[in-house]
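In what follows, a structure is listed as structure tokens, so that the remarks can point back to it.
The values are calculated or read from the model by the stated rules, or taken from the named source; none is laboratory data. Source: prediction; values computed, not measured. Positions of Cβ are backbone-derived with ideal geometry, glycine not excepted, and every protein chain shown enters the neighbour counts. Only protein heavy atoms, including side chains, enter the accessible area calculation; ligands, DNA and RNA are left aside. Shrake-Rupley method; radii C 1.70, N 1.55, O 1.52, S 1.80 Å.
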Amino acid sequence: NVVLVNLNPAQPAGPGMQVFWNVREGKAVVNAYGLAPVASDRAYMLWMIRDGKPVPLKLFTPGDDGRAIVAAVELPTTTSGITLLAVTEESSAGATAPTMTPFLVGEVPAKGATQ
């Protein structure tokens, strides 16, 4: 049971991301592209919005080509209560809550829906 979540940019020509979430296993693989480089003390943070609250999932940085493949992202074994996945830029130490408005956001399909 794989759920595909496409995260779309706020700007039409901006970066993008696909999250391939194996719900049964509670693992996901992320394919990000078009990301701007970040300073050495900064990173991108993937968040899930669960029951209306942001939950940090994974910090990552892109390569020189703006791409990032992130494996073994831990996610729940249910989509219940999870409405969105989002990305912000944060300190490389991480954050417990977003410090900026997410620039990539993707809706998690309702149970049984496919994308």
*Can you list the strands (runs of 3 or more DSSP E) found entirely within region 1-105 that contain at least 3 residues being open to solvent by less than 80 Å² (accessible area, probe 1.4 Å), of a type outside the set (Gly, Ala, Ser) and touching a strand residue (DSSP E or B) at 6+ places or on another chain (Cβ under 9 Å)?*
2-9, 16-22, 27-33, 42-50, 53-60, 82-91
*Considering only residues of region 57-75 that are touching a Gly at 6+ places or on another chain (Cβ under 6 Å) and in contact (Cβ under 8 Å) with a residue 40 or more places away in the chain, which is farthest from Met17 (Cα to Cα)?*
Leu75
